[in-house]
Every structure is written in structure tokens, then in C-alpha cells.
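Every number in this text was worked out from the coordinates using simple rules, so none of it is lab data. A quick note: this is a predicted structure, and the numbers were derived from the prediction, not measured. Backbone-built Cβ (ideal geometry, glycine too); neighbour counts: all protein chains shown.
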Amino acid sequence: MYRFRISIPIKIGVCILCLCLHFTTVSAQKNIDKLKAEAAKAKKEIEITTKLLKETEKNKHASVEKLNILNQQIQSRQKYLQSLQSEIVDLERGIGSASAQIRTLNAQLEELQKEYKQTLFTLYKVRSSYDQLIFILSADNYNQAYNRLKYLQYYSDYMIKQAERIEMLQDSIQRKMLGMQELVNKKQTVVGIQKQETQKLSNDKHQENLVVQELTAKQQELKKKIEVKRAQAEKLDNQIQAAIRAEIKAAEARARAKAKAEAEAKAKAEAAKNKGTSTATASKPAVSNVAVSSLTPEETLISKNFADNKGRLPWPTTTGKITERFGTHRHPTLGFDVECNGVEITTTKGSIARAVFEGTVTKIVVIPGRNTAVIIKHGNYYTVYDNLINVQVKTGQKVKVKDHIGTIFTDPETGYTVLQLQIWKELQKLDPELWLSK
């Protein structure tokens, strides 16, 4: 009896490989999407700093503000280049994986085609209907004749299925090759962008060196400006602390007065209730030892809501870039210590400062040479908006999120528009960058 063994492992292998191709493609695409999002974010930051630099390109004089923006531009461009390099590596990994899978598929196809040729050769021996009939009739008995008939039918069906499998595998290889070519094209595009951005980074660093050289040449003048700015910041700091202490003291006084009034009212009610009973000696209402909150229920709610929105507060400007970070740190290129009680956001000329949360204007502070600062209370949190002109709010005024506070001052000497934002929790300074939305 004639027998034929179907290559089941090949069939299963093709199916498994196709599934692997699908899941590999999905996983790779997710990673590429993540890298693209990171690159888009870095690119957006570059667009902001480029716009800020272009706005002041008429001013050829070097300034710390210009240097800070260039530093941010360089950092953003480096992040962008890192994202592009990661994307290139991921694309190369995808290309390599696709190439290996194509080789495996081609090996599978070669094996299928080999079996198909062998089958053709076998059927060639009984290629005509007459030969097939002779093949059946020459059987020794009925059972053998029947088996030979089934054998021929089986081979015929198998040839059709085998041809379909070959066609399916060829289609898979074709699709995979098209997908790989798409990855190759994407890689070429990203490599082109990477070359352009590398050149721009080199230009940025050259500009930075020129600014550093100019600033270094007038170091004494620069130090005097920094000392003046530091003295102004200290005056503002003292005014902020005084305003917060006054607020806390007034709130505590109101809370004590309220508690006293409530205790007296309670004592009167008790006295009226007990009137007519056995002689009772009049006594002053007992002073409660229970701690009293200095915040009103509304202020407590605002304070909680403010805390709950850490990392989600809207920016105080519609556009801008943080060019000076919170705390004391070494300047990355000039080498001296910089102290900042908040964050400095460089924005475009004519920009308006906006409230980052609902609250009440506590105080408006004017520091000579530093313009105006507005302090807004949010429960036991405070936000400070410094370097304003044309202030649009008044002390005691309630504001909502994104309400206009005032116009941010543009320095005519440097051409830069810088807002300093501070956040306090009572007398503790906080890092605003951790509170603003990313």
C-alpha cells in the first residue's frame, strides 16, 4: 500500500511564526510610539526656547537670561537627540528581527516547495487518467484497488492544500518584506533628522560659548547685578514671610474669638436651662483646651484641594520655559552659586501672569527695582507671582484658576520677559516645578 506522511511540524511552525510576527510587530509599535511621544515633547521644548531666543535676537548683548535659555535649549536638544537615537536603535532591532523572521519563513517555504516537487514527481508516474485507471485495475484484490483509489484522491487533495500553504507563506514573506522596507525608510528619515539636530546642537553650544566669554569678560559688572538681585530677593522674602505671619496671626485670633463666643453662648444656654433649680453660683465659662483650627471650613477645603492637585496645577503663563530652578545650585556654565526661592519662567513679551489655583489676594508687594509681586492665599498654601506690571487684582479680591493677575515685565536691556513663581506652605518654601503640570 502506498503511504504519504504530511509535514505537520511545518504547518504548525508556519502558524506559530505568523503569530510571533504579529505580537512582535505590536510590541515594537508600542515602543516606537512611546519614543515618538518623548521626542515630540523634547521637540516642543526646543520650539519654545527657539521662539524666546528669536524674539530677542535683535539684542546682541549677552545676558544671564540668554545664557539660561541657551542652556535649556541645549538640554532639550540633547534629550531630543537621545530620543532619536533610541528610535533608531529600536528600528534597527525591528529590522533585524524582521530579517531573521523572513529567513525562517523562506526556509519553511523551501521545505514546502521541496515536498511539493516530490509529490509532483510521484503523481507524474500516473499523470494520465488511463495510467491512473491501469494503476487501480492492476491491484491484486479489491481492497488494494480501493486503497489505490483513495491514495490518488488523497494526493490530489494534498496537492491543492499544499499549493494554498505555499501561497499563504509567500504572502506572509511579501508582507514582512514590505514591513521591513517601511522600517528601513523610517530609519533613513530619523537618521537624517538626527544629523540636522546634531548640527543645530553644535551651533547652540557655539552660541553658548560666545555668551559665556562675553559674560566672563564683564564678570565684575555681572557680580554686582547678581548681588543687587539677591538683595531684592531677600527684601521680597522678608515681606512674604511678614505677610504670611500676619495672616496666620489674624486667622488664629479670629479662631480664638469664635471659640470664645461659642463657649459663652453655650454657657448662657446652660445657665438658662438650669435656672430655677437649687442655688447655683455663677461662674465664668470654662476655657476649652481643644485645639482650634485657624482656617475656616472654606479655607480648609481650598487647602486640601490645592494639596490634592500637586503635579497638576496649570502654568501661570500660556507659554514659557523654566530657565531657573528652585533652591541653591551651581550655575552650569558660569560657575557661581544661584539661589532661587521659586522657579523663573521665561515667556514671550506681553504675557499675562495667571492664578494657578483659586484663592484670595493677600498682599501686593512693591520692591524698588523688582517691580510688583502678588501673594495669593489658598488655605494654608500661598503662591507668589513676582516681576509684574499693570497688576489687575486688589488685596482681598477672590480669584479663580487662570484669572489674570498682571502683565509680566519685559526687561528693556535684555529683551527677556521673566516671571518668578513661588509656592509656600505657611512659612515653608516649596519647589513649584513639582506642583505644575508636566
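Each other residue within a Cβ distance under 15 Å of Q241 adds +1 if Lys or Arg and -1 if Asp or Glu, for a net charge of +2. The packing ranking of peptides 387-400, 365-378, highest mean first, is 365-378, 387-400, where packing means the average number of other beta carbon atoms within 10 angstrom of each residue.
Shape call for the range 310-374 from the C-alpha gyration tensor, a ≥ b ≥ c root eigenvalues: rounded (a/c under 1.5), prolate (a/b greater than b/c) or oblate? Note, shape of the range 310-374 comes out prolate. Here the extension length gained between N238 and V191 equals 11.6 nm, from 0.36 nm per residue of separation less the Cα-Cα distance. One Cα centroid belongs to the range 318-356, the other to the range 358-397; the line between them spans 18 Å. Sorted ascending by nearby beta carbons within 10 Å, beginning with the fewest, V384, V338, V184 become V184, V338, V384. Net charge within 13 Å of N380 by Cβ-Cβ distance, Lys/Arg positive one each and Asp/Glu negative one each, not counting N380 itself? Here the count lands on -1.
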